[in-house]
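Peer 1: One structure coming up, written as structure tokens, with questions to follow.
The values are calculated or read from the model by the stated rules, or taken from the named source; none is laboratory data. Remember, predicted model here, so these are calculated numbers, not experimental data. Ideal geometry is used to build each Cβ from the backbone, glycine not excepted, and the neighbour counts take in all protein chains shown. Each accessible area value is taken on the protein alone, full model and side chains, heavy atoms only, with ligands, DNA and RNA left out. Shrake-Rupley method; radii C 1.70, N 1.55, O 1.52, S 1.80 Å.
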Amino acid sequence: NAKNGPDKLVDGAPVQCKYHKTANSSVGSCFKKIDGKQLYRYIDQNGSPMMVEVPKDQYEKAVEAMRKRIMKGEVPGVTNPDEATKIVRKGKLTYQQTKNLAKAGTIESLTYDAATGIVSCASIVGVSALVMFSITYWQHKDIKEASKVALHSGLQVFGPAFAGRILASQIARTGLPKALIPVTDQIAKLLGPKTVQRIINAFRA
């Protein structure tokens, strides 16, 4: 959350992510006017320019744009235009794919939600399967039976959790959550704070 801090770390290196409509816009957004001169504003703790990630289809033009900026003396501490290839990083998605990732119902967003859903739900499956395996084995002393019950239990838990994760992620990409906020706020006011708290406690339980 630091001002001009990195958007992510890649192998420990700070990286800015700039996915604008054009390569010039993506690179240009990394600069700001300081004392009447455009300067690269993303500098790491060592005083070196951070890498900036751009859409895959903008990479070549973005490198060229960065080269021109370096030649103008707009990147502090960098004088060699060839250093542009070390500053600009090629993203894994094109600009259009990135836009699709942010929309509900697209191949990109569904693929992403499925991939992250598998990771987040895997721990739930593991815990459920382990508990059921242990209980069944203690009762019957049969590894095959315990394994069968554990697998069945894990899949029963995984299915709804996985589907719910994807559905929630897809809904979050629409305007529905924001549109419902005024409605839920109004209902909360009508019910009163004590009733709302009871409902919340009931769901928590």
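Peer 1: Which entries in Lys68/Lys99; Lys33/Lys99; Lys33/Lys72 show an alpha-carbon gap greater than 19 Å?
Peer 2: Lys68/Lys99; Lys33/Lys99
Peer 1: Can you give the % of DSSP beta bridges in the chain that are antiparallel, to the nearest 5?
Peer 2: Taking every DSSP beta bridge with both residues in the chain, the antiparallel ones total about 55 percent.
Peer 1: With every protein chain left in place, what is the accessible area per residue of the chain in square angstrom, probe 1.4 Å?
Peer 2: 66 Å²
Peer 1: Positive end of the dipole of the chain, charges at C-beta (+1 Lys, Arg; -1 Asp, Glu), about the Cα centre: which of Gln156, Ser26, Gln45 has its Cα farthest in that direction?
Peer 2: Ser26
Peer 1: While we're on this one: Normalized C-alpha radius of gyration of the chain, against 2.2 N^0.38 Å?
Peer 2: Against the compact-globule rule of thumb, the ratio is 1.51.
Peer 1: Let me spell out the model: positive unit charges on the Cβ of Lys and Arg, negative unit charges on the Cβ of Asp and Glu, origin at the Cα centre of the chain. What dipole size does that give, in debye rounded to 20?
Peer 2: 600 debye
Peer 1: If you stretched the chain out fully between Leu190 and Asn80, how much longer would it get, using 0.36 nm times the residue separation minus the C-alpha to C-alpha distance?
Peer 2: Difference between extended and current length: 33.1 nm.
Peer 1: By how many nm would the segment from Lys33 to Tyr137 lengthen if fully extended, with 0.36 nm per residue of separation less the alpha-carbon distance?
Peer 2: 30.6 nm
Peer 1: Quick one: helix 59-71 against the long Cα principal axis of the chain, what's the angle to the nearest 10°, folded into 0 to 90?
Peer 2: The angle comes out near 40 degrees.
Peer 1: I've got another one for you. Using only DSSP helix segments of four residues or longer, with each worth -39500 (n - 2.57), what per-residue ellipticity at 222 nm results for the chain after dividing by its residue count and rounding to 500?
Peer 2: Calculated from helices alone, the mean residue ellipticity at 222 nm is -19500 deg cm²/dmol.
Peer 1: Springs between alpha-carbon atoms under 10 Å, Gaussian network over the chain: tell me which of Lys86, Lys37, Lys99 tops the mean-square fluctuations.
Peer 2: Of the options given, Lys37 has the highest mean-square fluctuation.
Peer 1: Now for a different question. Summarise the accessible area of the chain (1.4 Å probe, protein heavy atoms) by the percent that is carbon and sulfur.
Peer 2: 60 percent
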